[in-house]
Structures are given as C-alpha cells and as structure tokens.
Amino acid sequence: MPSVILHFSTLEVDLRIGPDIRDITDEINRIVGRSGIDNGQATACVVGSTGSLTTIEFEPGVVQDLNDAINRLAPQERAYAHEMAWNDGDGHSHVQAALLGPSIALPIRDGRLRLGTWQQVVAINHDNRARRRTIEVTLTGV
Amino acid sequence: MPSVILHFSTLEVDLRIGPDIRDITDEINRIVGRSGIDNGQATACVVGSTGSLTTIEFEPGVVQDLNDAINRLAPQERAYAHEMAWNDGDGHSHVQAALLGPSIALPIRDGRLRLGTWQQVVAINHDNRARRRTIEVTLTGV
Amino acid sequence: MPSVILHFSTLEVDLRIGPDIRDITDEINRIVGRSGIDNGQATACVVGSTGSLTTIEFEPGVVQDLNDAINRLAPQERAYAHEMAWNDGDGHSHVQAALLGPSIALPIRDGRLRLGTWQQVVAINHDNRARRRTIEVTLTGV
C-alpha cells in the first residue's frame, strides 16, 4: 500500500453581509485534484469566529430557507451580551457560527469529493459585514 | 513508529421517514476492526443533503427528545422556499440536515472507537421518504 | 516529502453545571507542540453524550449569548421523554449536545492551530452536574 500523503491549501472566498451562503465544492475539488490523492479525506475549517461550513442542496430555495432558520436560531434584533461590551452589532453572528460549527470532514474517492448529486459544500458568513473568509483545507490519503 | 495507513469503507443503512435516528456504532467498529488500525481517527460523512451524523445516548427517550428538537428547529408545516420550486415536501429536511451537519470525527483507541459508555454514533434521515443512506467512513492511523 | 505521522493525547477538563463553556485552545496547542507536527490537522472529540466542541470568540459576552442560545434550543424546563425513564434531570443536556455535535477538525499550520485572532476552541458541558470531561485529540501531519 502506498504511504499516506498530506496536502493542504488555503481558500479565500468573498462573502456578503450574513447570513451569506456560498458553494465552495468546485474550489475544494480543485485542491483534491492538485493533491494527487485518490482516496482519503478532506477536512476544512473556517478561520474566524463568525463563519461556518456545512453541506446543502445549493439551490435558491434551500439557501433562503437555511438563512431563515439561521436567523431564527439567533435573530439579529435580540439583545446580546457581546453588544454591551463591543457594540459592533454582531452578537447574533457569533452565536449562529458557534451553533453551526467551523469545520467539516469529507470523503475523497476516485480523486474527487464523494458527495450526493444534489449536495454541495458551503461556506457561510454570519458577520454583519461583508468578509473575505479564509478556509483551511487539509487532505490526507493515498 | 509504523507508517500511518488509510482504510475506507461504505455503510448502507435503511432509514424510515425522518427524523429517523439509527445507531451505527457497531457497523463503524466492524470497519475499524477490519482495518487493523489500533490508534487514529475515523471520519464519517453522509452522502446526500437530507442526512446527518451525531452522537447520543441511544435510548428511546433521548431519540424522541432529539426528534422533537429537530422538528422545532425546522418544522415540516412551515412554508419553505424550496417547496415553491420543487414541491416535493422536503423543505424542512434540507434545513434540519444542514444545521446538524453531515460529518463527524471520532477517535480510535486500542482498536475500537473511544466513546462514552452511553454514547453511540447515530445516522439521522431527515427526508420525508424512507431512504437507504450511504455513509462514507475513512480511517487513518497506525 | 516526510511520512505522515500520528500523535494522540487525552485532555481532561473540569467543567461546571451546564451549559459551561471553557477555552481549551492552549491545551490543544501544547499537544500540537509535543507532536512535532508542523502541518496537518487535529481532530478532537468529547467522550460522553452530554458534551460538545465548537469555536467562539472567548469573551464573557459571547459566552453568555451562546449559553442563552443553547438553552433556547433545549430548555431545561421542558418535559423530556428521557426523564420518564431515567428521571435524572438531564433530558435537555442530551439534546443540546447532540445538536452541537461532539467533534471538530482543526488545521495545524507552522506548528500551531491555525485559528482567527479572536477564535478559540471551546469544550461545552451540557450536563446538569459538574463533570470532568475527557476529550480525545488525534493529530495527523508532517
């Protein structure tokens, strides 16, 4: 069996005021392609405490429905203790991102992410400002 | 130190109309056993955008309580934008699965998953149809 | 390229009645430092079904806001089916932990976790008792 190799890369994605949801599947698949890894796993993690990663069927309806659900979890208009100290208007952003979580672990099979046909990897900006989000991608496999 | 090896396998589990929660701990432990890995990690990811993975104490009360909480997060009876376009009745399924997340990362120690005594790995089907769910399991370790 | 190595270690952290949120970034960075791994990934998983892991800006306001949001997801004062059988008062703990999830995958770059300046890894105890929580940390990298 060949030795397990490591490959890592950084994605930068421009996102609007949150919740903003963007499909990053192609970008991760390009990293997988460059790695030469056929089978293994990719982990991805957003740098920063107001971003998150998950998978969805990336079509406008689901995007809107997920945005609505995220806003129900932690509505912008609530009072947040973070605001008392910092007053930067992003109390809801921190809570939303913590509940969804910053990281994901995805299978690589036959040189690509193994996902459902209607399943895409998405990065979510929860911040109340547009942000260039950094996502660290780490691959291990053979 | 021995070289890190990779092992991967696919689980297929039949699940009922969602939310349906099934214990897959034994199935993953069998994959760990076949791999020959004593120490390392297992990542698992559901293929498809209406499934998720987490851990619970797998007893009927917690299963029901988690089902109830999942239905509160995204009730089936809400109006979903996904429905406007697709009308397949699973708007809530997509939102629930995205919030819980498709993947998990578990420790392998002494040739088995290291979990709590009352902690099981579960696959959740959120779809409004019974589904055979595919779960990709990737192990790395020594 | 050097071979991928594996390093694993166990953290024990004392947490109060839940939700209690503790910053474990320094503890994980110490494990990374001892491993000799410069680049790769760390996965961490809480042992037990009433704990979870995520990242936040660890300041008192966000900690309180996240606690409040966790309690809205599964309030202690609801009726839980788990209680009917076990009557140990922790129905809400199980639901909260399952929704947040037990595990996280973090990038290692230049011999440290690559996180945002205001992003810390936190362990959360959701139990209705103070608990010494065990967290298994598994590193792979070069």
If you average the sequence gap of Cα pairs under 8 Å that are 6 or more apart and divide by the length of chain A, what percent do you get for the contact order?
54 percent
Given a cut-off of 21 Å, what percent of all Cα-Cα pairs of the range A:12-88 lie beyond it?
45 percent
Computed [θ] at 222 nm, helices only, for chain A once each DSSP H run of length n ≥ 4 contributes -39500 (n - 2.57):
-8500 deg cm²/dmol
Residues in the range B:90-110, backbone N under 18 Å from the label point at C:Arg72 (7 Å along the Cα-to-beta-carbon vector): list them, ranges by number please.
B:96, B:99-100
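Expressed as a rounded percentage, what relative contact order does the range A:74-118 have, with Cα pairs under 8 Å and six or more residues apart?
On the way: 23 pairs, mean separation 12.1, N = 45.
The normalised contact order for the range A:74-118 reaches 27 percent.
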Just to be sure I understand: if you take the accessible area of chain B alone plus chain A alone and subtract the pair, with a 1.4 Å probe, what total do you get in Å², rounded to 100?
2600 Å²
Could you calculate the FRET efficiency of A:Arg16 with A:Trp118 from 1/(1 + (r/R0)^6), where r is the beta carbon distance between them and R0 is 30 Å, rounded to 0.05?
0.80
Using only the alpha-carbon atoms, how far is helix C:60-73 inclined from the longest principal axis of chain C? Give it as 0 to 90 degrees, nearest 10.
50 degrees
How far is C:Ser3 from itself in the other copies, in nm, if each label sits 7 Å out from Cα along the Cα-Cβ line, shortest first?
0.7, 0.7
Output, in nm with one decimal and in ascending order, the distances from the B:Asp26 label point to the matching label points of the other copies (7 Å from Cα along Cα-to-Cβ).
4.5, 4.5
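In square angstrom, what is the accessible area per residue of the range C:49-142 with a 1.4 angstrom probe? List each step's numbers first, then the result.
Values: 3240 Å² over 94 residues.
Here the residues of the range C:49-142 average 34 Å² of exposed surface.
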Using a simple charge model, +1 on the beta-carbon of Lys and Arg, -1 on the beta-carbon of Asp and Glu, nothing else, what dipole does the range C:60-142 show about its Cα centre, in debye to the nearest 20?
360 debye
Relative to the isolated chain, which residues of the range B:7-28 have their accessible area cut by 30 Å² or more in the presence of all protein chains (1.4 Å probe, heavy atoms, no ligands or nucleic acids)?
B:Phe8
Tell me the Rg and the Dmax, in Å, that the Cα atoms of the range C:71-142 produce.
16.5, 51
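Roughly speaking, to the nearest percent, how much of the range A:11-142's 1.4 Å accessible area is carbon and sulfur? Don't skip to the answer; put the middle values down first.
Values: 2140 of 4690 Å².
Roughly 46 percent of what the probe reaches on the range A:11-142 is carbon or sulfur.
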Using R₀ = 45 Å, calculate the FRET efficiency as 1/(1 + (r/R₀)^6) where r is the Cβ-Cβ separation of C:Met84 and C:Asp38; round to 0.05.
0.30
Dimensions of chain B along principal axes (Cα, Å, largest first)?
57, 32, 21
Name the residues whose placed amide hydrogens come within less than 5 Å of the amide hydrogen of C:Asp127, ignoring near sequence neighbours (fewer than 5 apart) on the same chain.
C:Gly18
Across the range A:39-48, in residue order, what do the Karplus-derived ³J(HN,Hα) couplings come to in whole Hz, using 6.51 cos²θ - 1.76 cosθ + 1.60 with θ = phi - 60° and x for Gly and Pro?
9, x, 9, 10, 10, 9, 8, 6, 7, x
Run a plain Debye calculation on the protein assembly as shown (Cα atoms as equal point scatterers, no solvent) and give log10 I(q)/I(0) at q = 0.07, 0.08, 0.11, 0.13 Å⁻¹, rounded to two decimals, same order as the q list.
-0.28, -0.37, -0.74, -1.09
Restrict the search to the range C:35-142; then list the GluC sites (Glu not before Pro) that DSSP places in a loop and that have at most 13 other Cβ atoms within 10 Å of their Cβ.
C:Glu77
Could you pull the copy-to-copy label distances for B:Gln64, with points set 7 Å along Cα to Cβ, in nm to one decimal and sorted shortest first?
3.7, 3.7
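The values are calculated or read from the model by the stated rules, or taken from the named source; none is laboratory data. Bear in mind that the values here come from a model prediction, so they are computed numbers and not experimental data. Neighbour counts run over all protein chains shown; Cβ positions are idealised from the backbone, glycine included. Accessible surface areas use protein heavy atoms only, side chains included; no ligands, DNA or RNA. Shrake-Rupley method; radii C 1.70, N 1.55, O 1.52, S 1.80 Å.
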